[in-house]
1. Scan the stretch 90-101 and report the pairs whose first residue is farther than 16 Å from Gln57 by Cβ and touching a residue at least 12 places away in the same chain (Cβ under 8 Å) and whose second residue is among the basic types (Lys, Arg) and surrounded by fewer than 22 Cβ atoms within 10 Å (Cβ to Cβ), with Cβ atoms within less than 9 Å and a gap of 6+ or a chain change.
2. When you look at Arg233, is it surrounded by 13 or more Cβ atoms within 10 Å (Cβ to Cβ) and part of a helix (DSSP H, G or I), yes or no?
3. Looking at the stretch 63-99, which of the residues that are basic (Lys, Arg) and in a helix (DSSP H, G or I) is nearest to Pro135 (Cα to Cα)?
4. Just a yes or no: is a residue in the stretch 207-220 outside any helix (DSSP H, G or I) and in contact with a helix residue (DSSP H, G or I) (Cβ under 7 Å, 6 or more places away or on another chain)?
5. Considering only the stretch 47-64, I want to know if a residue exists there that is over 23 Å from Ser17 (Cβ atoms) and not aromatic (Phe, Trp, Tyr).
6. Scan (1) farther than 23 Å from Ser116 by Cα; (2) surrounded by 18 or more Cβ atoms within 10 Å (Cβ to Cβ); (3) not β-branched (Val, Ile, Thr) for the single condition Gly157 breaks and write down its number.
7. Report yes if Ala202 is touching a helix residue (DSSP H, G or I) at 6+ places or on another chain (Cβ under 8 Å) and surrounded by 14 or more Cβ atoms within 10 Å (Cβ to Cβ), otherwise no.
8. Identify the residue in the stretch 130-145 that is farther than 18 Å from Asn93 by Cα and of a type outside the set (Asp, Glu) and, among all such residues, is surrounded by the fewest Cβ atoms within 10 Å (Cβ to Cβ).
Amino acid sequence: MTYCVGLLLDEGMVLLSDTRTNAGLDNIASYRKMFWFEEPGERVIVVLTAGSLSITQTTLARLREAIDSPDACEATSIMKAPTLLKVAEIIGNMLSEVRADVDHKLAVMDQAASASMIVAGQRKGGDMRMFLIYPEGNFIEATEDTPYLQIGEHKYGKPILDRVVRRQTSLDDARKAVLLSMDSTLRSNLSVGMPLDLMTVAKDSLHANDRRRIDAGDEVFREMSNAWSVALRDAFVRIKV
């Protein structure tokens, strides 16, 4: 399983993903689930993935083929699409197509596979936008009222986002919020695991300008996790009932 989260704020976007795909006593695998496409100064697109690797990897491979194709056009390439809405439509259609192909092959074994994605980005002259794309290819968009989207094992990390994240939240506070959201998930679900991939895209930068890989031994993350645990215990003690 996995956990990915994206925040759409006035100052920019913050995105975080884990890398665990298989969890068991003797079977743990890690794969990157954050991908980005950019033409600095023109557009930046970030994709977070959750679900079946066979679906997500094939979808991304076909998207790259469409970008590199000599016949690439606004209707087929996310790097030529005129709007971020069109980008979401292209990715949603491709995800749905790949899922249908895989489901057809798995049907003989009475099995099925599924995947979802968060797509975020900005093009020159346009607004930052963020979408959650469902396995069927349809999608919803982050809004002023709900400026964040999650996929995967999202329930453990949702409470802190609900309590602290607003569109006006600073990028520094947003990074703290998604990391604490991930920390809560890591503590409660073994199917989510490190290393983590963290990205910040400042508004109008049109560039994936701040990327960070956080490994299991990262001292800053460990100290933040410990400080959060202490703060929660202290708050619990102080509350009167």
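1. No pair meets every condition.
2. It is false that Arg233 is surrounded by 13 or more Cβ atoms within 10 Å (Cβ to Cβ) and part of a helix (DSSP H, G or I).
3. Only one residue tops the list, namely Arg99.
4. Yes; the residues of the stretch 207-220 include at least one that is outside any helix (DSSP H, G or I) and in contact with a helix residue (DSSP H, G or I) (Cβ under 7 Å, 6 or more places away or on another chain).
5. For the stretch 47-64, residues over 23 Å from Ser17 (Cβ atoms) and not aromatic (Phe, Trp, Tyr): absent.
6. All conditions are met except number (1).
7. Spelling it out, Ala202 is indeed touching a helix residue (DSSP H, G or I) at 6+ places or on another chain (Cβ under 8 Å) and surrounded by 14 or more Cβ atoms within 10 Å (Cβ to Cβ).
8. Filtering the stretch 130-145 for residues that are farther than 18 Å from Asn93 by Cα and of a type outside the set (Asp, Glu), the one surrounded by the fewest Cβ atoms within 10 Å (Cβ to Cβ) comes out as Thr143.
The values are calculated or read from the model by the stated rules, or taken from the named source; none is laboratory data. It should be emphasised that the depicted structure is a prediction, and the values quoted were computed from it without experimental measurement. So basically every Cβ, Gly included, is an ideal-geometry build from the backbone, and we count neighbours across all protein chains shown.
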